[in-house]
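Novice: Pasting in a structure now, in structure tokens, and then I'll have a few things to ask.
Coordinate-derived values only; no laboratory data. Nothing here was measured: the structure is a model prediction, and the numbers come from that model. Please note: Cβ atoms are built from the backbone with ideal geometry, for glycine as well, and neighbour counts cover all protein chains shown.
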């Protein structure tokens, strides 16, 4: 993924009505932009919600952003549309929280290093120290924030001090602590989790054990935005892998790890490219 | 699948202990059988449960079956093993129950006709008449047993009259009636269902609508043995297909239908070939 | 798939340049159309080829088609764009050619009957008679055009008499005759084939036997537009299924049949919805 | 994957005849072994080739190995069987050759470290130095053997000096040099390659570019034993991933990398567990 220059991404949502696509594309054309990708979705042609993502090239984008924002606002807001605009040449800053398992965090950092995930990683934070050496070896700051029983509140305060202002989104790369509703509100940026089951099956702890007990023939992983309701937030991506009666719970865990890291890396990529739009408790992924 | 002659299938289960595989294979060798396939599984090498399926060729099998049974019993029962023996040249008789949807029943009957499912089909029974023409067109008897509210008990009585003694297993090929525990006991043969979700997610009615509401990115189907607990019996086979935000609940239903018929036909094939061994609420599929 | 009324599909291609998306969407807005789906693709933002598919609703579409065509031509042709416009309420007419295998043709006809494939089927033609009963049983005309060695030219003449003017595209649903370049030119409509391998592996006859000999671990099927070069035309869709050493060539054929019919039905659906744009020897599938 | 103690793996091949399974299992029982897994395959029940893999537990295995070998030889060789016996508690030694791409080698080493691949890694050798830091950071010796044009023979000599006697098999983890038939003979151990296409499609260099040109809708990777014929050796494992017209050749390379490392790690695991039996130019994978 080579560096992107002079490329913007505009996401627009609002009540559908005839002509909206044309309004948006005409506005971009009028500003001198060349559309290189466009996706559009309406959940109901009769009075539903309208979603559009447009990627366009514009010479001198970085300098032109303030003007762009003003002019887009003047066109889009009068017709009732909400919008967000990003310069895709400015990568999002991703904070990572992790506990003991290394497979998700190392896969993310390796993808960032090889240029496949357009993000920067200001910090990896863990309530353990198991992954410290690997993380620092990949050139990424590692911070230890213990989270002993009874100290959860203090731990969350410390996390907020570290994260707020420094990251654009947070990834829970197998972080085995439940974050409070208060934390989610105060952190102020999207939080993406990877859950080691095919949600909504096997919510909560021990999903591989539960999967073994239920005798399922496929196990899965789900990446979703975190909300105060445990494992119930909007799903970004899911995948599964086939298992048999002969796989032990440990086998499920080992094979599931491959699915977890694959699903999480896709969800993070799509979020980083601004392809995901939340819609109630669902997502539109362009 | 050409006709199979002189081929037997022996399934053995019991408490594991050293030498069991050898006991079984020596018994077959002593009887003159040539093993063509053997699968074996122990859920725990230290004192677990032992499962074995052996397929063997024996000239003159049909005539030899009574002797075989007696001799196998003499060898296997003293070491605490349960066993079942089948002549694979005698296909199982499959009864099918269906409501309005035709995709599962027609796919099963088409596979039987082309010789891909080693079963015979004495009858298809429905609480509607929608599929009567197609079923009879494929040369299979169709019987109508209405099941109006308040008449469920009478309907089950009628089903039992038709099925008991005439079929070796029953397939619910999208039969939208819940069968009573009393029926399941009295029918006396295994009953296989296809549920249109990736169990244990979305138990009960309306799984595609529930899947749409939850915003899942994969939908699935599950074939399982029916028990008195709704959609909670031992799973035989499952599969999934990818969907997106743009798929309506009707799209999910249409795309799910392809998964349903594929999953059900695999489950029926494996049951017909005696590859499935129930183990508590799980299955071993050899 | 309920009947579609007042819904049009416009496909536009041509040399890319800034503002094209806006030109097209503004034209549709000016004509009173409400865009319900839009896909766009440029193979190279710097001077590549531009592809766009727009689906829009317009009250009174059927009556307005002539005006629409004139006005779209006036807008799109001056900027160098080629275009095609369809009223999606008028289903394409699909002619089917088949030899002995029934799985592809029956699956297509069954999907048409249940309303999942928006086409009509004026005729099924075969060089054998094996599928005549099933086809007619589904209410579709069946015609027998034998194709003995030495009579290929006469057979193709007969096919042309039947097809030309009566169908909008032709599907080779396991038709085991190679069609001549002359036939392809004179039939004048797209011809879609299903090849029973994962192309470009195993071109030509006997792909399952070749797959078995090579010892592959996945087998596949490929649907493509037919060109005079055998099995080398633009690919529309492909898929695979896992196999093992224990599967015989007959097993591969049986399991491959499921992939063939699934792949072909998707390719036909996408063609029927005008989602496929040919681009040299490749396809853009929106 | 916890350490395995007192567990042996016996692989037997030879001309099939009645009673072979019983001969093998009786021999193991006579030696005091408890069979924990058994797979068996005959490519043709009438006079074909017989393959069997048995895993069994035997207290004091390490000390008993010489006796075991002698006694198994006395039983198996008179009936025409070839066999190999391994103490699964003694991991195979894996040598890795790599060029510039890091994804395969790092994934293998990471799996070894977490205990998911039962091998040791005496050395990683590269004709470049790009991965030296990462490999050594994972505690594995890295050796640089340049392979400039005109020096291939000298490079192969150097490789042989390093590998022979020190490794039990060699993995080409994206090693972009063709090894000579002479090297393959002299190295004396199996060599496993990962090829970045779904073989037999796209043999040789540049498979992703070729895949893009052909317009395929799935790309794949294939792991196979290396023979003197380029990319034509027995296939161990393959897999694919879906792509679209919108994926550039660079996208294919990036997405293919995930399939490559997954396929290679499965092939290496199966080889390390002695699950793979070569059979002409095919493999039996138990």
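Novice: List the distances, in nm to one decimal, from the label point of residue C:154 to the label points of the same position in every other copy, shortest first, placing each label point 7 Å from Cα along the Cα-to-Cβ direction.
Specialist: Result, one decimal in nm: 6.5, 7.4, 9.7.
Novice: Give me a single rounded figure for B:40-48: the average over its residues of other chain Cβ atoms within 10 Å of their Cβ.
Specialist: Per-residue shielding by partner chains comes out at 4.
Novice: Next up: Count the DSSP beta bridges whose two residues both fall in the stretch A:92-285, then state the antiparallel fraction as a percent rounded to the nearest 5.
Specialist: If we restrict to bridges inside the stretch A:92-285, about 50 percent are antiparallel.
Novice: Can you give the mean number of other chain Cβ atoms that lie within 10 Å of the Cβ atoms in peptide C:237-247?
Specialist: Taking all residues of C:237-247 together, the mean is 4.
Novice: Can I ask one more? Is it possible to state the helix-based mean residue ellipticity at 222 nm for chain A, with each DSSP H run of 4+ residues giving -39500 (n - 2.57), the sum divided by total residues, to the nearest 500 deg cm²/dmol? What is it?
Specialist: Calculated at 222 nm, the ellipticity per residue is -10500 deg cm²/dmol.
Novice: Taking only C-alpha pairs under 8 Å that are 6+ residues apart, what is the relative contact order of the stretch B:7-87 in percent?
Specialist: Rounded, it is 47 percent for the stretch B:7-87.
Novice: Jot down the per residue volume, in cubic angstrom and as a whole number, of the convex hull over the alpha-carbon atoms of the stretch B:193-232.
Specialist: 53
Novice: A further question follows. Which whole number gives the average, over all residues in A:199-208, of C-beta atoms from other chains lying within 10 Å of the residue C-beta?
Specialist: 3
Novice: Which FRET efficiency, nearest 0.05, do residue A:132 and residue C:251 yield, Cβ-Cβ r, R0 41 Å?
Specialist: 0.20
Novice: Choose one answer from C:102, C:87, C:247: the residue with the largest mean-square fluctuation in a GNM of chain C with alpha-carbon springs under 10 Å.
Specialist: Result: C:247 has the largest fluctuation of those listed.
Novice: Right, next: Say we join alpha carbon atoms closer than 10 Å with springs in a Gaussian network model of chain B; which of B:11, B:90, B:216 then has the biggest fluctuation?
Specialist: Taking springs between Cα atoms under 10 Å, the residue moving most is B:216.
Novice: Using a label position 7 Å from Cα in the Cα→Cβ direction, what is the ascending list of nm distances from residue C:49 to the same site in the other copies?
Specialist: Label point to label point, same position, other copies: 3.8, 4.6, 6.0 nm.
Novice: Need one number: nm distance between label points at residue A:114 and residue B:178, each 7 Å from Cα along Cα→Cβ, rounded to one decimal.
Specialist: 5.1
Novice: Compute a Gaussian network model of chain D, connecting alpha carbons closer than 10 Å, and tell me which residue from D:42, D:13, D:227 fluctuates the most.
Specialist: D:42
Novice: For residue A:44, project a label point 7 Å along Cα to C-beta. Then give me every residue of the stretch C:1-42 with its amide nitrogen under 17 Å of that point.
Specialist: So the set is C:36.
Novice: Once the cut-off is 52 Å, how many percent of the Cα-Cα pairs in the protein assembly as shown end up in the long-distance tail?
Specialist: 26
Novice: What number do you get for the stretch A:181-286 when its Cα radius of gyration is normalised by 2.2 N^0.38 Å, N = residues?
Specialist: Scaled against compact globular proteins, the figure is 1.11.
Novice: Continuing with this model, one more query. Shortest first and in nm to one decimal, what separations exist between residue C:114 and its copies in the other chains, measuring from label points 7 Å along the Cα-to-beta-carbon line?
Specialist: 1.6, 4.0, 4.1
Novice: For a quick check: sort C:225, C:175 by the number of other beta carbons within 10 angstrom, fewest at the front.
Specialist: Neighbour counts put them in this order, fewest first: C:225, C:175.
Novice: What FRET efficiency do you get for residue D:213 and residue C:214 if R0 is 22 Å and r is their Cβ-Cβ distance, rounded to the nearest 0.05?
Specialist: According to the calculation, E is roughly 0.50.
Novice: Take the rotation relating chain A to chain D, measure from its axis to every Cβ in chain A, and name the nearest residue with the distance in whole Å.
Specialist: Axis-proximal residue of A, distance in whole Å: A:137, 3.
Novice: Next up: I need to check one value: relative contact order of chain A, counting alpha carbon pairs closer than 8 Å and at least 6 residues apart, in percent.
Specialist: The normalised contact order for chain A reaches 15 percent.
Novice: At what distance in nm do the modelled label points of residue A:71 and residue D:82 sit from each other, each positioned 7 Å from its Cα along Cα→Cβ?
Specialist: 7.5
Novice: With N residues in the stretch B:118-200, what two-decimal value do you get for its Cα radius of gyration over 2.2 N^0.38 Å?
Specialist: Rg over 2.2 N^0.38 Å, computed on Cα atoms: 1.11.
Novice: Can I ask one more? What does the convex hull of the alpha-carbon atoms of the stretch B:92-285 project to on average, in nm²?
Specialist: Approximately 10.6 nm², given one-decimal rounding.
Novice: To check you understand DSSP bridge types, tell me what percent of the beta bridges within the protein assembly as shown (both residues inside) are antiparallel, rounded to 5.
Specialist: 70
Novice: Also: Rounded to a whole number, what is D in µm²/s for the stretch A:7-87 from Stokes-Einstein with the Kirkwood radius over alpha-carbon pairs (20 °C, 1.002 mPa s)?
Specialist: 169
Novice: Related question: Between residue D:151 and residue D:281, what length in nm is gained on full extension when 0.36 nm per residue of separation is reduced by their alpha carbon distance?
Specialist: My answer for the length gained is 43.7 nm.
Novice: Whole angstrom only: what separates the Cα centroid of the stretch B:10-76 from the Cα centroid of the stretch B:117-159?
Specialist: With the stretch B:10-76 and the stretch B:117-159 each reduced to a Cα centre, they are spaced 38 Å.
Novice: Looking at the P(r) of the stretch B:44-161, how many percent of alpha-carbon pairs lie beyond 25 Å?
Specialist: 50
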